[in-house]
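Asker: Please see the structure below; I have some questions.
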Amino acid sequence: MNSEKSTQLLSPADHFSVLLSPTPRGARLARLLATDWMRGQDLPLRVSEAAEHLVAELATNAATHGRLAGRDFRLALLARSAILRIEVTDTRGDDLPHRHPPTPDSESGRGLLLVEALADRWGVQVGPVPRKTVWAELDLPSV
């Protein structure tokens, strides 16, 4: 395994990143901007629809659970070879997401279940302090 770090820059067409306010409006804008960027990527409909839901959920979680006054969250989308990666970074590295089964009458608590159902892989990366990044990946069909 090669432990050298790559200095290769992604082309702007393969990468999208934006800072947004941790508010419901910022979460909504994240979904709209991601949808617009994905239109230019020529992604299959199944992938872009799943990605829209993942962005909406991860951005909403960042605006709700990762919110700190005066600190934005970052949305990043990366299309590489056979994977679309969605990353949402907030400044609440001390508050990691955890999945817990909601009660049938609860109005919230199903977000990570949705992420788990839609993503091919997902996880959390902590750091650098005080940040955490929640990511999800979707496999792209081979051409």
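Asker: Could you give every pair whose Cβ atoms fall below 8 Å, whose first residue belongs to the range 15-26 and is farther than 13 Å from residue 70 by Cα and modelled with pLDDT under 95, and whose second residue is open to solvent by 50 Å² or more (accessible area, probe 1.4 Å) and of a type in the set (S, T, N, Q), counting only separations of at least 6 or pairs across chains?
Answerer: Once the first residue is farther than 13 Å from residue 70 by Cα and modelled with pLDDT under 95 and sits in the range 15-26, its partners that are open to solvent by 50 Å² or more (accessible area, probe 1.4 Å) and of a type in the set (S, T, N, Q) give 24/60.
Asker: Can you name the residue in the range 29-54 that is without any contact (Cβ under 8 Å) to a residue 24 or more places away in the chain and over 11 Å from residue 140 (Cβ atoms) and, of all such residues, is least open to solvent (accessible area, probe 1.4 Å)?
Answerer: Going through the range 29-54, the residues without any contact (Cβ under 8 Å) to a residue 24 or more places away in the chain turn out to be 29, 32, 35-36, 39, 42, 45-46, 48-49, 52.
Cutting the leftovers down to over 11 Å from residue 140 (Cβ atoms) gives us 29, 32, 35-36, 39, 45, 49, 52.
On the way: 29: 75, 32: 70, 35: 23, 36: 94, 39: 170, 45: 118, 49: 91, 52: 55 Å².
Checking each candidate, the answer is 35.
Asker: While we're looking at this one, here's another question. Does residue 124 satisfy the condition of being of a type in the set (Val, Ile, Thr) and surrounded by 13 or more Cβ atoms within 10 Å (Cβ to Cβ)? First the steps, then the outcome.
Answerer: Values: of a type in the set (Val, Ile, Thr): yes; surrounded by 13 or more Cβ atoms within 10 Å (Cβ to Cβ): no.
So residue 124 does not fit the description; no.
Asker: Being modelled with pLDDT of 85 or more, surrounded by fewer than 17 Cβ atoms within 10 Å (Cβ to Cβ) and in contact with a His (Cβ under 7 Å, 6 or more places away or on another chain) is true for just one of 114, 118. Which residue is that? Spell out how you get there, then give the answer.
Answerer: Details: 118 fails: surrounded by fewer than 17 Cβ atoms within 10 Å (Cβ to Cβ).
Being modelled with pLDDT of 85 or more, surrounded by fewer than 17 Cβ atoms within 10 Å (Cβ to Cβ) and in contact with a His (Cβ under 7 Å, 6 or more places away or on another chain) holds for just one of 114, 118, which is 114.
Asker: Still on this structure, please answer the following. When you scan the range 61-104, how many residues do you find that are among the β-branched types (Val, Ile, Thr) and surrounded by fewer than 19 Cβ atoms within 10 Å (Cβ to Cβ)? Before the answer, list the steps.
Answerer: Applying the first criterion (among the β-branched types (Val, Ile, Thr)) to the range 61-104 yields 64, 83, 86, 88-89, 91, 103.
Narrowing the set further to residues that are surrounded by fewer than 19 Cβ atoms within 10 Å (Cβ to Cβ) leaves 64, 83, 103.
Number of matching residues: 3.
The values are calculated or read from the model by the stated rules, or taken from the named source; none is laboratory data. Computed from a predicted model, the values in this text were never measured in an experiment. Note that we place each Cβ from the backbone using ideal geometry, even for glycine, and neighbour counts take in every protein chain shown. With ligands, DNA and RNA removed, areas are computed over all heavy atoms of the protein, side chains included. Shrake-Rupley method; radii C 1.70, N 1.55, O 1.52, S 1.80 Å.
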